[in-house]
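Have a look at the structure below before the remarks.
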Amino acid sequence: MNQNNFSESHDSESPDAVTTHSRLDGEPVRFGSGWMSGVGGLILGLVGLGCVLCFQFPDWFTMPQLREYYPLPVIRAMLHLVLVAAFLLGSVSLILRRNKLMGGIAIAMSLAAALLGGSQVPVHGEVTPEGPFLGLDWFLLNLIFWSAVFIPLERFFALRPEQPIFRHGWRTDLTYFFASSLLIQVTTLLTLKPAQVLFAWTTSASWRSAIASQNGFLQLLEILLITDFVQYWIHRLFHRIPLLWRFHQIHHSTETMDWLAGSRLHLVDVLVTRGLTYVPLFALGFSDTAMVFYAIVVTVQATFIHANVRFCFGPLRYLLATPQFHHWHHSDQPEAIDKNFAVHLPIWDMLFGSYHLPRNRWPSSYGVTDAKPPHGYLRQMLYPFLSKSKSARVIAEMDKQQKNRQENR
Ligand SMILES: [Zn+2]
Ligand SMILES: [Zn+2]
């Protein structure tokens, strides 16, 4: 069983762990070591360079649905500040740190962004309304919005105040966040289209117009009930069937809960779960507006229930899935195994015997109790497709390399 003590910052097994030394350059991560300025510079450099690339190649890197809404003068002013801050933070890290990797990359990214036009970069290229794109702008917007909401929320109302922002596994989860945003067009197409094409005809036009003409709030409630019922059983099957568990196990491999942890989902898990969850929505014919509100509720609730916040929500917790409810789903404690499958409404767990929510008590550890999946995005994407013996060899080799690196420090 994978025990994880949140007050402990040292994790010799994890290549992503925030230990006393950074895996990036092997140097200390304490305050004043140039680690925070380096990471800050890297993130701002990435945001700045990404933003300039969106201006340079809008057809490739921006979502057609969002382009007309961007307040360009405000974005340019913000971009200017971001690039200056990335350069300054990179310089601070360069001065404080013996290893110049982080500071150097942060400065290089801010200079590359400046060379590509900086905050005054014109919008280049032919912009077509449809066509393949990568959601780089979607990633940047989500990163800015969710970190602005959740980083302060998790600081002020932390369940585990000692848990750092750059905790164990944050780079893996950020990569999931990045990849899922970039691939938004592909995943939307692969999950919405099959349900729409294959099931939209299954009900009569009069039935569909009766459903779509209901009050919007009522439609949203119906959608939440129906989708969570479907999601509940798919989720339960992902836990029950060994082949499916290998994919879903990736989501449970996180040993530290925060808003970013919910991003860790294998692509197959995402496509199967979402693809099947959308089927009743298209079959029943809910209105587009109700579906958009449902998409917003799913995103907000799925992020929030993973957050490192201590809210218990009083009696509301019997009606809605809360962080406490979903934290128990992620726990590796025996009392919590295969419990709390719902994402929106705990009623399905209450009805089908999988409800577990001890009053005012939170799990003490998270993770999986069987074979531990490897660390890192690509390894985790490959892991479910490998045989058990092959996976064991890959993980053993990875652990050996990690041990060697630590001994060489
Ligand atoms: Zn699960
Ligand atoms: Zn989860």
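FYI, it's all coordinate maths here, none of it is from the lab. Model, not experiment: these values are computed from the prediction. Using ideal geometry, Cβ is built from the backbone for each residue, glycine included, and neighbour counts are taken over all protein chains shown.
In nm, give the distance between the simple-model label positions of Thr289 and Phe352, each being 7 Å from the Cα along the Cα-to-Cβ direction.
3.2 nm
Residue by residue, what Karplus-based ³J(HN,Hα) values in Hz, rounded to whole numbers, does the range 214-219 have, using 6.51, -1.76 and 1.60 with θ = phi - 60° and x for Gly and Pro?
With the stated coefficients, the range 214-219 comes to 5, 4, x, 5, 5, 4 Hz.
Which lysines, if any, have their Cα less than 27 Å from the Cα of Lys339, not counting same-chain residues under 8 positions apart?
Correct list for Lys339: Lys372, Lys388.
Counting only residues 5 or more places away or on other chains, whose amide H sits under 5 Å from the amide H of Tyr366 once H atoms are built in the peptide plane?
It is Asn4, Asp332, by chain and number.
Show me 42-51, 75-84, 219-228 ranked by packing, highest mean number of other Cβ atoms within 10 Å first.
Averaged packing, sorted descending, gives the order 42-51, 219-228, 75-84.
Extending each Cα 7 Å along its Cβ direction at Ser204 and Val123, get the distance between those two points in nm, one decimal.
According to this spin-label approximation, the distance is 4.8 nm.
Rounded to whole Å, give me the distance from the Cα center of the range 244-264 to that of the range 59-93.
30 Å
Relative to the Cα centre, what is the charge dipole magnitude of the range 35-169, using +1 at the beta carbon of each Lys and Arg, -1 at the beta carbon of each Asp and Glu, and rounding to the nearest 20 debye?
Roughly 700 debye for the range 35-169.
Over the Cα atoms of the chain, what is the Rg over Rh ratio if Rh follows Kirkwood?
Values: Rg = 22.5 Å, Rh = 23.1 Å.
Rounded to two decimals, Rg over Rh is 0.98.
Determine, for each peptide in 162-171, 304-313, the mean count of other beta carbons within 10 angstrom over its residues, then list the peptides with the highest first.
Answer by packing, highest mean first, reads 304-313, 162-171.
Which FRET efficiency value, to the nearest 0.05, is calculated for Val197 and Arg361 with the Förster distance at 56 angstrom and r the Cβ-Cβ distance? If you can, show how the numbers build up before the last one.
Numbers: r = 46 Å, r/R0 = 0.83.
Between Val197 and Arg361 the formula returns 0.75.
Looking at the range 176-324, I'd like the Rg to Rh ratio, where Rg is from alpha-carbon atoms and Rh is Kirkwood's inverse mean 1/r.
That ratio equals 0.98.
Residue farthest toward the positive end of the dipole of the chain, with Cβ of Lys/Arg at +1 and Asp/Glu at -1: which of Leu66, Val298, Phe311?
Of the options given, the answer is Phe311.
Quick one: net charge of Arg236's neighbours, Cβ under 14 Å, K/R +1, D/E -1? It would help to have the intermediate numbers written out before the result.
On the way: positive: Arg240, Lys339; negative: Asp228, Asp269, Asp338, Asp349.
Local charge sum for Arg236: -2.
For Arg98 and Ser387, what does the FRET efficiency come to when R0 = 60 Å and r is the distance between their Cβ atoms, rounded to the nearest 0.05?
Efficiency computed from Cβ-Cβ geometry: 0.90.
From the backbone phi of the range 90-104, what are the Karplus-calculated ³J(HN,Hα) couplings (6.51 cos²θ - 1.76 cosθ + 1.60, θ = phi - 60°) in whole Hz, Gly and Pro given as x?
x, 5, 4, 5, 4, 6, 7, 9, 5, 7, 8, 4, 5, x, x
Once the Cβ-Cβ distance between Ile296 and Phe156 is put in as r, and R0 is 22 Å, what FRET efficiency do you end up with, to the nearest 0.05?
Values: r = 24 Å, r/R0 = 1.09.
FRET efficiency, Ile296 to Phe156: 0.40.
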